[in-house]
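S.K.: Below is a structure I'd like to ask you about.
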Amino acid sequence: MTEYEEYFEKIYEFKSSEQCVLPSKVFESSKWLIPEFQNKKQELNKIKGLLGRFQLKAWSKHTAYRDPSGFVMKKLSENVHPELLTQAWCKFYEILGRFPVIPQQSQLDGKFSTLHLCEAPGAFVCALNHYLTLNYPDIQWEWMANTLNPNYEGNELSQMIPDDRFIRYTLKNWQFGLDFSGDITKYYNHQELLKKYAEEKVHLVTADGSVDCMKDPGEQERHVEFLHYCETTTALAVLQTGGTFVLKIFTIFEDTTISLLYLLNCLFEKVAIFKPCTSKSGNSEVYVINTNFKGFHNFANLWTELTSVYSCREQFSLKSMFSLSELPNYFLIEIQECTDFFMNKQMRTILDNIYYYENKIKSEPNKVYIMKTSIAQLFMNVYNLTWIPNDKKIVPHVSVGDNWRVYMAHHSRDYTCVLVQNLVNRKLSTDIMDIQIGKQIEVVQNSKFTHKDNLKKVIVAFGNRKNGSSLYEHVF
Ligand SMILES: C[S@@+](CC[C@H](N)C(=O)[O-])C[C@H]1O[C@@H](n2cnc3c(N)ncnc32)[C@H](O)[C@@H]1O
């Protein structure tokens with residue numbers, strides 16, 4: 001393997017899946033910690049803490065410049081013209097190219113159905129479409145997605161990706177739940193989603209959820225653990241036997257992630273952890289690729305206990321999913337190996353980045369350039385990437401990658417329309433808005449009808465509503 005090929009091989013495969021036995025008690029154990037894992041967490045946080053002394057903007061520029069996969073998107077954009085090209089597009093294409101994500105049964109039947117959780121803006125869906133077009137051109141594919149609704153005004157901007165470039169053209173494929181917020185951590189939204197799959201389950205579930213934890217980066221795992229639990233239980237409820245589940249996680253230090261991985265090892269024939277080449281080497285993000293689901297019947301007797309904490313987050317934070325004594329030693333050893341494997345690579349990257357930030361080495365820019373060019377070319381070769389015809393795109397008639405700005409809203413008794421501008425070709429057009437009413441909100445956290453800096457005024461407008469004024473009258 002060459003030096004550059006190694007960037008495509010960041011994989012840890014669990015060997016213990018065959019032996020894992022599902023514990024009989026779920027969410028009965030009090031919380032536990034494993035001291036060795038807590039020490040590892042401190043070690044990693046100490047290295048991350050070294051970054052505190054650098055100016056964020058300059059540091060981000062430096063790490064982007066040193067990112068080995070930094071030329072991949074440019075190469076793709078020039079040669080492949082993907083629909084909705086983002087870093088997520090590249091990461092999911094790597095997952096598809098590297099693992100048997102499309103189950104055997106789908107390949108035999110020529111039918112493939114997928115559900116994408118926490119999916120805005122929708123690049124996984126577009127990457128999957130591209131992959132299927134090139135590799136399974138005759139397969140009949142149906143997809144649905146869920147995400148924090150970028151148009152629900154109660155969702156905080158910092159908690160979601162407020163990007164509806166693709167969603168606006170594919171609305172019928174998106175499930176925002178009972179309250180229209182799209183929040184999958186709400187049990188009633190989970191139940192609503194399950195109703196859609198009461199008749200027929202899906203072959204693939206992806207769950208790419210993350211939560212902004214800039215204010216508390218050292219506890220990233222704690223901040224996402226409930227979301228990961230919700231994503232996983234939702235996936236397990238809607239997945240067909242033989243299906244695939246792809247879940248994004250971060251570190252594996254806490255009882256929650258260790259238990260979740262044990263659950264997945266019990267319920268899938270193969271579990272692997274993968275860090276795509278296009279996932280930034282300095283962060284903790286990895287994907288758990290679970291293939292060949294053993295089927296719901298294997299744990300139906302534990303389902304009530306497993307979902308008992310979904311509607312009660314406090315209870316989730318008081319109990320561990322499994323008791324530590326029920327987790328076999330061979331599994332904990334694998335977790336340790338896996339954690340060391342990814343953590344050492346991450347720490348190495350951070351320390352290298354610091355070194356080259358503080359020391360200007362003459363030959364380094366040339367080395368970085370050669371590495372980035374080689375990796376971009378390898379990406380194309382390894383994943384056999386070529387362009388697809390426009391009519392095979394999900395939204396063939398427009399370029400969904402373009403950004404839009406809403407200028408003005410016109411509100412009448414019959415309809416609301418907005419004047420929008422395409423920020424790439426500067427064209428102006430109007431869009432009729434379909435107004436939907438979800439759970440009532442107290443504070444407008446985001447709005448399509450005004451810039452975020454105007455939101456304070458909207459709150460004032462909200463306060464004045466009793467005198468009969470329209471919500472947005474005060475904004476425009
Ligand atoms: C990294 S992005 C997903 C990117 C996506 N896979 C793509 O390919 O474009 C994480 C997403 O998780 C969503 N999310 C975070 N918390 C959520 C929640 N509680 N319910 C639903 N979606 C959530 C965010 O709004 C964001 O769109």
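S.K.: What helices (runs of 4 or more DSSP H) completely inside region 82-138 contain at least 2 residues that are near the ligand (Cβ under 9 Å from one of its atoms) and under 15 Å from the mean Cα position of the chain (by Cα)? Don't jump to the end; show me each part of the working.
M.R.: Working: elements: 87-98, 104-109, 123-135.
So the answer is 87-98, 123-135.
S.K.: Scan region 239-250 residue by residue and report those that are away from the ligand (no atom under 15 Å from the Cβ) and either without any contact (Cβ under 8 Å) to a residue 12 or more places away in the chain or crowded, with 19+ Cβ neighbours inside 10 Å (or both). First the steps, then the outcome.
M.R.: Filtering region 239-250 down to residues away from the ligand (no atom under 15 Å from the Cβ) leaves 239-244.
Hits for region 239-250 are Leu239, Gln240, Gly243, Thr244.
S.K.: Somewhere in region 161-172, is a residue within 14 Å of the ligand (Cβ to nearest atom), under 18 Å from Tyr310 (Cβ atoms) and of a type in the set (Phe, Trp, Tyr)?
M.R.: No: region 161-172 contains no residue that is within 14 Å of the ligand (Cβ to nearest atom), under 18 Å from Tyr310 (Cβ atoms) and of a type in the set (Phe, Trp, Tyr).
S.K.: I'm checking my understanding of the structure. Among residues of region 396-441 that are of a type in the set (Lys, Arg) and more than 30 Å from Ser77 (Cβ to Cβ), which one is most open to solvent (accessible area, probe 1.4 Å)? Quick ask: steps written out before the conclusion?
M.R.: The initial filter retains those residues of region 396-441 that are of a type in the set (Lys, Arg), namely 405, 413, 426-427, 439.
Now narrow it down to the ones that are more than 30 Å from Ser77 (Cβ to Cβ): 413, 439.
Details: Arg413: 231, Lys439: 104 Å².
Among those residues, the one meeting the criterion is Arg413.
S.K.: Show the residue pairs that are 6+ apart or on different chains and have beta-carbon atoms under 7 Å apart, the first residue being within region 372-385 and in contact (Cβ under 8 Å) with a residue 12 or more places away in the chain, the second being of a type in the set (Gly, Ala, Ser).
M.R.: Lys372/Gly70; Ile375/Ser69; Val382/Gly97; Tyr383/Gly97
S.K.: Of all residues being outside any helix (DSSP H, G or I) and open to solvent by less than 10 Å² (accessible area, probe 1.4 Å) in region 203-226, which is nearest to the ligand (Cβ to nearest atom)? Just the residue, please. Can you show your working first?
M.R.: Our first condition is that a residue be outside any helix (DSSP H, G or I); within region 203-226, this holds for 203-216.
Those left that are additionally open to solvent by less than 10 Å² (accessible area, probe 1.4 Å): 204-207, 209.
Details: Leu204: 13, Val205: 12, Thr206: 7, Ala207: 9, Gly209: 4 Å.
By that ranking, first place goes to Gly209.
S.K.: Here's a follow-up. Scan region 142-191 for residues that are open to solvent by less than 30 Å² (accessible area, probe 1.4 Å), of a type in the set (Asp, Glu) and farther than 11 Å from Ala120 by Cβ and jot them down.
M.R.: The one that is open to solvent by less than 30 Å² (accessible area, probe 1.4 Å), of a type in the set (Asp, Glu) and farther than 11 Å from Ala120 by Cβ: Asp179.
S.K.: While we're looking at this one, here's another question. Given (1) under 25 Å from the mean Cα position of the chain (by Cα); (2) hydrophobic (A, V, I, L, M, F, W, C); (3) part of a loop (DSSP other than H, G, I, E, B), where does Ala376 come up short, assuming only one miss?
M.R.: Against the list (1) under 25 Å from the mean Cα position of the chain (by Cα); (2) hydrophobic (A, V, I, L, M, F, W, C); (3) part of a loop (DSSP other than H, G, I, E, B), Ala376 comes up short only on (3).
S.K.: In region 361-369, is there at least one residue being open to solvent by 60 Å² or more (accessible area, probe 1.4 Å) and either touching a residue at least 12 places away in the same chain (Cβ under 8 Å) or in contact with a helix residue (DSSP H, G or I) (Cβ under 7 Å, 6 or more places away or on another chain) (or both)?
M.R.: No, region 361-369 contains no residue that is open to solvent by 60 Å² or more (accessible area, probe 1.4 Å) and either touching a residue at least 12 places away in the same chain (Cβ under 8 Å) or in contact with a helix residue (DSSP H, G or I) (Cβ under 7 Å, 6 or more places away or on another chain) (or both).
S.K.: Tell me whether region 53-75 contains one or more residues that are in a helix (DSSP H, G or I), surrounded by 23 or more Cβ atoms within 10 Å (Cβ to Cβ), in contact (Cβ under 8 Å) with a residue 24 or more places away in the chain and within 16 Å of the ligand (Cβ to nearest atom). Step through it out loud before you land on a result.
M.R.: Step one: filter region 53-75 for residues in a helix (DSSP H, G or I), giving 53, 56-66, 72-75.
Imposing the further condition that a residue be surrounded by 23 or more Cβ atoms within 10 Å (Cβ to Cβ) reduces the set to 72.
Now narrow it down to the ones that are in contact (Cβ under 8 Å) with a residue 24 or more places away in the chain: 72.
Going one step further and asking which of them are within 16 Å of the ligand (Cβ to nearest atom), we end up with 72.
Scanning region 53-75 turns up at least one residue that is in a helix (DSSP H, G or I), surrounded by 23 or more Cβ atoms within 10 Å (Cβ to Cβ), in contact (Cβ under 8 Å) with a residue 24 or more places away in the chain and within 16 Å of the ligand (Cβ to nearest atom).
S.K.: Identify the residue in region 227-238 that is of a type outside the set (Val, Ile, Thr) and under 17 Å from Trp143 (Cβ atoms) and, among all such residues, is nearest to the ligand (Cβ to nearest atom). First the steps, then the outcome.
M.R.: At the first step, the residues of region 227-238 found to be of a type outside the set (Val, Ile, Thr) are 227-231, 235-237.
The next check asks that each one be under 17 Å from Trp143 (Cβ atoms); those that pass are 231, 235.
Working: Glu231: 8, Ala235: 13 Å.
Among residues in region 227-238 that are of a type outside the set (Val, Ile, Thr) and under 17 Å from Trp143 (Cβ atoms), the one nearest to the ligand (Cβ to nearest atom) is Glu231.
S.K.: Further question on the same structure: Between Val443, Val406, which is closer than 27 Å to Asp179 by Cα and in contact with a strand residue (DSSP E or B) (Cβ under 8 Å, 6 or more places away or on another chain)? Explain how you work it out, then say what you get.
M.R.: On the way: Val443 fails: in contact with a strand residue (DSSP E or B) (Cβ under 8 Å, 6 or more places away or on another chain).
Among Val443, Val406, only Val406 is closer than 27 Å to Asp179 by Cα and in contact with a strand residue (DSSP E or B) (Cβ under 8 Å, 6 or more places away or on another chain).
S.K.: Would you mind finding the one in Ile432, Ile441 that is part of a loop (DSSP other than H, G, I, E, B), in contact (Cβ under 8 Å) with a residue 12 or more places away in the chain and outside the structural domain of Pro137 (by TED's automatic domain parsing)?
M.R.: Details: Ile432 fails: part of a loop (DSSP other than H, G, I, E, B).
The match here is Ile441.
The values are calculated or read from the model by the stated rules, or taken from the named source; none is laboratory data. Predicted, not measured: the structure shown is a model, and the values here were computed from it. Quick reminder, even Gly has a Cβ in these numbers, built from the backbone with ideal geometry, and neighbours come from all protein chains shown. Just so you know, the surface numbers come from the protein's heavy atoms only, side chains and all, with ligands and any DNA or RNA stripped out. Shrake-Rupley method; radii C 1.70, N 1.55, O 1.52, S 1.80 Å.
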